[in-house]
């Protein structure tokens, strides 16, 4: 397995990994699968500031990806991100999500990011357990926040702190400048 920084040319593969999450689950609250063009735009925007990583198998097929994104659009939140991971449906339970998140954390630490957040559809025990094993703790629960497939879903937020918080953090470094 190989982890590398995502390239715009990967967008079609990432959309196909993402597709079943949109079409069949409430793991994401998107209703429509984004087009490759839309995904390319998202990736381009993300890579300006944050890491976007893919995991390839021995045949160089992308089997998963993870990225960080803006937690909130205010300067005081520069040291905090929201993290996301998606795996090909056939590649769950092999530790690939952990590999991706671990690599993501290396980059985020270099960027002087200290707080990682993950937004999870409540009741998704596998995701909650996965994040707990990686050191995240549940910090918020919102009732009936999202609506998909004819029902309301609760959402929980989980958080992980990378290292000790300094009294004065070093400036955030955009991923494109590492």
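Per-residue counts of other Cβ atoms within 10 Å, averaged by peptide: what ranking do you get for 60-70, 17-27, highest first? The partial results should precede the final answer.
Values: 60-70: 18.8, 17-27: 15.5.
Per-residue mean Cβ counts within 10 Å order the peptides as 60-70, 17-27.
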- Using a Förster distance of 22 Å, the FRET efficiency for residue 159-residue 21 (Cβ separation, nearest 0.05): 0.50
- Message: Sort 136-147, 38-49, 166-177, 112-123 by the packing proxy (mean of other Cβ within 10 Å over each peptide's residues), most packed first.
- Response: 112-123, 38-49, 136-147, 166-177
- Per 10 Å bin from zero, what fraction in whole % of the C-alpha pairs of segment 1-87 is there, up to the bin with the longest pair? 16, 48, 31, 5, 0
- Message: Working only with C-alpha atoms, what are the Rg and Dmax values of segment 2-171, expressed in angstrom?
- Response: 15.8, 47
- On each of the three principal axes of the Cα atoms of segment 64-127, give max minus min coordinate, whole Å, ordered largest first. 39, 26, 14
- Cα-projected label distance for residue 115 with residue 44, points at 7 Å along beta-carbon direction, nm: 3.1 nm
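Every number here is computed from the coordinates shown, using simple stated rules; none is lab data. All values reported here derive from a predicted model rather than from experimental measurement. Cβ coordinates were reconstructed from backbone atoms using ideal geometry, including for glycine residues, and neighbour counts include every protein chain displayed.
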